Amino acid sequence: MIDALRALPYSASSFPAIYIARVAPTSMIFVPCKDGVSYNEIEDARPEHLEAGANVLFHAMLARRRLMQPRQD
């Protein structure tokens, strides 16, 4: 896992994910922010970009749920 993290571009927002990854599967969803500023109180994202990010999370959760359900043959 650590080698994979070294290959990722640096982002201050990755720090919480690095610690969570020690105990649980972890991923991150990024959305565009005004002037590229993120993980900062002046971060500003358009509502449609936030909606798209939320939809990515929602569909990932649905896919995970389908994988966890027992097969009914």
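What follows is calculated from the coordinates using simple rules that are stated; it is not laboratory data. Quantities reported herein were computed from a predicted structural model and do not represent experimental measurements. No Cβ is skipped: glycine too gets one built from the backbone with ideal geometry, and neighbour counts run over all protein chains shown.
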Neighbours of Ala45 by Cβ distance under 12 Å: Lys/Arg at +1, Asp/Glu at -1, summed charge -3
Which loop-located chymotrypsin sites (Phe, Trp or Tyr not before Pro) does segment 10-57 contain, where loop means any DSSP state but H, G, I, E or B and the Cβ has at most 14 other Cβ atoms within 10 Å? Tyr10, Phe30, Tyr39
Taking only the alpha-carbon positions of segment 28-73 as identical scatterers, the Debye log10 I(q)/I(0) at q = 0.25 Å⁻¹ comes out as -0.88
Taking a crude spin-label model, label points 7 Å out from Cα along the C-beta direction, the Ile42 to Arg71 distance in nm is 5.5
